[in-house]
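*Asks:* Structure incoming, see below.
Nothing in this text is a laboratory measurement; each read-out follows from the coordinates by a stated rule. Source: prediction; values computed, not measured. Please note: Cβ atoms are built from the backbone with ideal geometry, for glycine as well, and neighbour counts cover all protein chains shown.
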Amino acid sequence: MSPRSPIYGRLNSQLRDLIRGGEFKAGDKFLAEREVAGRFSVSRVTANKALSHLVAEGVLEIKKGVGTFVRGGVLDYDLAALVSFTDKAEAAGKKPSTRVLRFETMRAAQAGAEVLGALRVQPHDELCYVERLRLADGVPVIVERRHIVARFCAGLDKNAVKGSLYAALTLRLKLEVAGADEVIRAVAIRDADARLLRVANGTAGLLVTAIGYLGGGVPLWREQTLYRGDAYEFHNRLGPIQAARPAAGVLLDLNRKK
């Protein structure tokens with residue numbers, strides 16, 4: 001059964017709800033394949049695929065010879081889809097919370113050339129700037145700084161960004177977010193960020209720079225989000241092996257030698 005089928009998608013949501021609702025907490029043994037099949041009236045093949053998907057995402061873990069358990073400890077970052085911090089924290093059995101450090105409207109010129117270029121706006125255009133500290137069970141794990149094109153988010157306020165920003169954009173503002181381009185690199189967490197995240201100066205972290213898009217490739221936001229290295233794991237499911245293709249610069253060099 002395809003992961004895009006309605007039955008598969010509904011089952012995945014139902015299994016997540018068992019964790020979010022508190023029926024299964026971090027460290028608890030989860031439903032076995034036959035229990036999922038019986039409880040939700042699906043085939044064992046569908047149950048197996050749904051459980052395998054949650055294992056691949058890091059929500060569940062398999063302990064060989066013992067069973068499947070709700071994963072605790074670190075949070076996981078899904079590289080394949082946009083999933084809110086709120087949903088990820090709840091799926092991991094943690095209580096999410098947010099401190100809004102800054103919420104203001106500014107001229108795009110104030111954000112700098114890099115943000116102007118990424119969002120394809122003019123210096124006089126307005127941007128909404130949001131800076132947030134995200135916590136899981138009271139422990140700070142993310143510092144997020146995001147510029148959003150203001151003409152798309154009229155009505156967005158400080159209270160709306162205390163929870164899931166994705167929910168505010170899609171449910172409250174009725175925007176259709178098509179996806180995002182991300183660049184991830186290792187960094188040392190220093191100075192003010194180290195104090196916010198309560199880590200020693202120089203602690204390892206991961207910096208995600210992303211541009212979010214509406215349909216048609218229209219830029220909606222540009223963010224830089226800093227993750228504590230000891231609190232997060234990044235997860236992705238890869239497809240089949242493909243032959244590597246030379247980069248454009250390599251092809252250019254080869255052509256020059258001819």
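*Asks:* Just from its helices, what would the mean residue ellipticity at 222 nm be for the chain, if runs of 4 or more DSSP H residues each count -39500 (n - 2.57) and the sum is divided by every residue, rounded to the nearest 500 deg cm²/dmol?
*Replies:* Helix contribution divided over all residues of the chain: -8000 deg cm²/dmol.
*Asks:* Hey, another quick one. What residue among 175, 113, 69 has its Cα farthest toward the positive end of the dipole of the chain, where the charges are +1 on Lys, Arg and -1 on Asp, Glu, each on the Cβ?
*Replies:* Most positive-ward Cα: 69.
*Asks:* Going 7 Å from the Cα of residue 162 along its beta-carbon direction, which residues of the stretch 80-111 have the amide nitrogen within less than 11 Å of the resulting point?
*Replies:* 98-100
*Asks:* Taking the Cα atoms of the stretch 6-70, what is the range of coordinates along each of the three principal axes, in descending order and whole Å?
*Replies:* 28, 26, 20
*Asks:* Could you work out which residue, out of 66, 100, 83, moves most in a Gaussian network model of the chain, that is, has the largest mean-square fluctuation with Cα springs under 10 Å?
*Replies:* 66
*Asks:* Taking the Cβ of residue 212 as the centre, find all other residues whose Cβ is under 9 Å away and add up their charges (Lys, Arg: +1; Asp, Glu: -1).
*Replies:* Net local charge, residue 212 excluded: 0.
*Asks:* Something else: With the crude spin-label approximation of a point 7 Å out along Cα→Cβ, what separation in nm comes out for residue 81 versus residue 113?
*Replies:* Taking the simple label geometry, residue 81 and residue 113 are separated by 4.0 nm.
*Asks:* Here's something else I'd like to know. Provide the descending list of Cα extents for the stretch 69-180 along its principal axes, expressed in whole angstroms.
*Replies:* In descending order, the Cα extents are 52, 27, 26 Å.
*Asks:* Cβ under 12 Å from residue 162's Cβ, residue 162 left aside: what net charge do those residues give with Lys, Arg +1 and Asp, Glu -1?
*Replies:* Taking every Cβ under 12 Å from that of residue 162, the sum is +3.
*Asks:* Roughly what would the spin-label model give for residue 184 and residue 218, points 7 Å off Cα along C-beta, in nm?
*Replies:* 3.0 nm
*Asks:* At what distance in nm do the modelled label points of residue 63 and residue 7 sit from each other, each positioned 7 Å from its Cα along Cα→Cβ?
*Replies:* Result for the modelled spin labels: 3.2 nm.
*Asks:* Only Lys, Arg, Asp and Glu count, each charged at its Cβ (+1, +1, -1, -1), so figure out the dipole size of the stretch 148-221 about its Cα centre, rounded to 20 debye.
*Replies:* With only Lys, Arg, Asp and Glu charged at Cβ, the dipole is about 260 debye.
*Asks:* Okay, moving on. On alpha-carbon atoms, Rg over Rh for the stretch 5-156 using Kirkwood Rh?
*Replies:* Over the Cα atoms of the stretch 5-156, Rg/Rh equals 1.12.
*Asks:* Rounding to the nearest 20 debye, state how big the charge dipole of the chain is about its Cα centre with +1 on each Lys and Arg Cβ and -1 on each Asp and Glu Cβ.
*Replies:* It comes to approximately 300 debye.
*Asks:* Now for a different question. Determine which residues of the stretch 80-98 fall in the zone a paramagnetic label at residue 26 would reach in this model, i.e. backbone nitrogen under 18 Å from the point 7 Å along Cα→Cβ.
*Replies:* Taking a point 7 Å out along Cα→Cβ of residue 26, the residues of the stretch 80-98 whose backbone N falls under 18 Å are 84-98.
*Asks:* Can I ask one more? Quick one: divide the alpha-carbon radius of gyration of the chain by 2.2 N^0.38 Å and tell me what you get.
*Replies:* Here the answer is 1.15, to two decimals.
*Asks:* Still on this structure: Can you tell me how much longer the chain between residue 18 and residue 125 gets when fully stretched, taken as 0.36 nm per residue apart minus their C-alpha distance, in nm with one decimal?
*Replies:* Residue separation times 0.36 nm, minus the Cα-Cα distance, leaves 34.1 nm.
*Asks:* Could I ask something else about it? What is the stretch 159-213's relative contact order, in percent, from Cα pairs under 8 angstrom and six or more apart in sequence?
*Replies:* In percent, rounded to a whole number, it is 36.
*Asks:* Filter the cross-link list 64/95; 63/158; 49/94; 29/158; 94/174 down to pairs whose alpha-carbon distance in this structure exceeds 32 Å.
*Replies:* Over 32 Å Cα-Cα: 63/158; 29/158.
*Asks:* Can I ask one more? Counting only GluC sites (Glu not before Pro) that are in a DSSP loop and have at most 16 other C-beta atoms within 10 Å, tell me the longest site-free stretch of the chain.
*Replies:* Maximal segment without exposed cleavage sites: 24-175.
*Asks:* Decide, for the stretch 148-246, between rounded, prolate and oblate: order the square roots of the alpha carbon gyration tensor eigenvalues as a ≥ b ≥ c, take rounded if a/c falls under 1.5, and otherwise choose prolate if a/b is larger than b/c, else oblate.
*Replies:* oblate
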